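The values are calculated or read from the model by the stated rules, or taken from the named source; none is laboratory data. Computed from a predicted structure; not experimentally measured. Positions of Cβ are backbone-derived with ideal geometry, glycine not excepted, and every protein chain shown enters the neighbour counts. The accessibility values were calculated without ligands, DNA or RNA, using every heavy atom of the protein model including side chains. Shrake-Rupley method; radii C 1.70, N 1.55, O 1.52, S 1.80 Å.
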Amino acid sequence: MTNAFSLYSSLKDRIARREARIATVGLGYVGLPLALTISEAGFPTTGLDLNGARVAAINAGERVISYFPEDRIRSAVAGGKFAATDDFAALAEVDVILICVPTPLSPAREPDLSYVIRAAEGIAERLRPGQLVVLESTVWPGATATVIRPILEARGLRAGEDFFLAFSPEREDPGNATFDTRSIPKVVGADDTRSRELIDQFYSQIVTRTVPVSSLATAEAVKLAENSFRTVNIALVNEMKVALEAMGVDVWEVVKAASTKPFGYMPFYPGPGIGGDCIPVSPVYLSWRAKDVGSALPIVDLARANNDGAPDMIAGRVAVELSKDARPITDARILILGVAYKKNVEDTRESPALAVLKRLEAMGAECDYHDPYFPVMPVTRDHPALAGRRSVALTEEAVAGYDAVLVATDHSDVDYALVARAARLVLDTRNVFAAFDTTGRPARLVKI
Ligand SMILES: NC(=O)c1ccc[n+]([C@@H]2O[C@H](COP(=O)([O-])OP(=O)(O)OC[C@H]3O[C@@H](n4cnc5c(N)ncnc54)[C@H](O)[C@@H]3O)[C@@H](O)[C@H]2O)c1
């Protein structure tokens, strides 16, 4: 029996008996739900994060992600199968390591793999024979094999022989009440058979369905294909919104009716642009890699440019609608409803709402915001200058004091009826007021 085979069989056995010890590196929107789901499936799980305050909050059972059930973290910690740590030494004890750290864009809007590289270096220092290392962060096709593998192999251990290496893209959709980590099928890929079998066997015990693919690069590409599809379709519906409006047709009504087609159509909705750590980022990774190999993705690039320009377009439209009320933008007071990048999450990364806010202020307007998820604006990578601003309390008196209310993010927990009663002008990018009958609508309502 070769050494590689015995390492493989021994890990396979441990996984089958749910005795394999698991670590997730990164306890953010992806790593934390993943770690909890794995521990809930019976595997002893350690969550590793460099952020000591987050680790302490998790170990204290605090609900650090707002859409989690109240006691999910507390029960996991109390059950003894899950603990968080900020000490990389914990990795020496585990059998499977899942890397879930950020992969943002650099200031030059190019892939930034620095977090993944740092995590891989921390793992490489402690890597021991028989471990399975899985990258879950979104990267360009080829990154695991050409960037991560050499770091892990630097001390002499070989992937596929001494340790196992796989890629499994995250498909977490924060705040989605229908699908969670367990019920979303998990794509798993590796360049060698043993690694592929191990990752497939592991996730078969965690999620309802695995989807094995033939290589690391294929698994990496799946994620980018999914997000580029969304990018292109969001750009398309936003473009259609403008053209249809010129024809006197409401895009929302069109999308609703088109969605009744049982095949060949999937609804995408207009808005002020795209946000989050995923949709705006993945197509850049794909496009960057395409250039690297002498190819190109002009349709994806055009969609990106369209989405990047959406907040500016919305800001311009706000100025036009205010001027119809004889209110110059340079003198206007605007309340922005919702600053998160999408509804019902406490996440402002790449938020188009904040891009609109900044654009309106650059045009001379005075902007405030209301967002139940952000009583105070945190310090963020994208918008450090906005840190410390406070959400305005939503009273009729406050709302009536603004020249316009702009609905940028359609959180459920907002009193839209109050806004409808008090606002002078509502500019709705999310069609939230469609649900109000004519009598309950604001004095002046414009879908933009
Ligand atoms: N958020 C989503 O909706 C989503 C969905 C699918 C995929 N993804 C992808 O998943 C990856 C992780 O995203 P996220 O949203 O969970 O990020 P996040 O910012 O919420 O969390 C990342 C965590 O990793 C920690 N961290 C950073 N570097 C570290 C290191 N070297 N060692 C240990 N911990 C470290 C940070 O402190 C943070 O807590 C990204 O590649 C992202 O593109 C995100």
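Helix-only arithmetic for the chain: the sum of -39500 (n - 2.57) across DSSP H runs with n ≥ 4, divided by the residue total, places the mean residue ellipticity at 222 nm at -11500 deg cm²/dmol.
Distance between the pseudo-spin-label points of A305 and T439 (7 Å out from Cα toward the beta carbon): 5.0 nm.
Under unit Cβ charges (Lys, Arg +1; Asp, Glu -1), what dipole magnitude, rounded to 20 debye, does the range 3-214 have relative to its Cα centre?
340 debye
Compared with the dominant Cα axis of the chain, that is its longest principal axis, helix 352-362 is turned about 50°.
With a simple spin-label model that places each label point 7 Å from the Cα along the Cα-to-Cβ direction, the separation between R182 and E121 comes to 3.9 nm. Rounded to the nearest whole Hz, the Karplus-based 3J(HN,Hα) values (6.51 cos²θ - 1.76 cosθ + 1.60, θ = phi - 60°) of the range 262-270 follow the sequence x, 8, x, 9, 9, x, 10, 10, x, with x at glycine and proline. With each label modelled as a point 7 angstrom along the Cα→C-beta vector, the T208-S6 pair spans 4.2 nm. With R₀ fixed at 60 Å, the C-beta to C-beta distance from D13 to A362 puts the FRET efficiency at about 0.50.
The angle between the Cα long axis of helix 3-16 and the main principal axis of the chain comes to about 60°, on a 0 to 90 degree scale. With respect to the chain, whose longest principal axis is taken over its alpha-carbon atoms, helix 216-246 is tilted by about 10°. For the range 3-214, the carbon plus sulfur part of the accessible surface works out to 49%, probe radius 1.4 Å.
With contacts taken as Cα pairs under 8 Å at a separation of at least 6 residues, the chain carries a relative contact order of 10 percent. In this Cβ point-charge picture (+1 for Lys and Arg, -1 for Asp and Glu), the chain has a dipole of about 500 debye about its Cα centre. A Förster distance of 45 Å, applied to the separation of the beta-carbon atoms of R155 and A57, puts the FRET efficiency at 0.85. Between amide H atoms placed 1.01 Å from N, distances below 5 Å from L132 occur with V96, I97, F164, all of them 5 or more places distant or on a separate chain. Let me spell out the model: positive unit charges on the Cβ of Lys and Arg, negative unit charges on the Cβ of Asp and Glu, origin at the Cα centre of the range 125-272. What dipole size does that give, in debye rounded to 20? Computed charge dipole of the range 125-272: roughly 220 debye.
Excluding ligands, DNA and RNA, the accessible surface per residue across the chain is 43 Å² with a 1.4 Å probe. Within straight-line reach of K291, meaning a Cα separation under 20 Å, sit the following lysines at least 8 residues removed in sequence or on another chain: K223. The amide H of K186, built 1.01 Å from its N in the peptide plane, has R209, T210, V211 as neighbours under 5 Å, considering only residues 5 or more places off or on other chains.
Cross-link list K81/K343; K186/K261; K256/K343; K186/K342: which exceed 22 angstrom alpha carbon to alpha carbon? Going by Cα-Cα distance, K81/K343; K186/K261; K186/K342 fall outside the 22 Å limit. If you roll a 1.4 angstrom probe over the protein chains with everything in place, what fraction of the accessible area of the range 239-447 belongs to carbon and sulfur, to the nearest %? Reported share for carbon and sulfur atoms: 57 percent.
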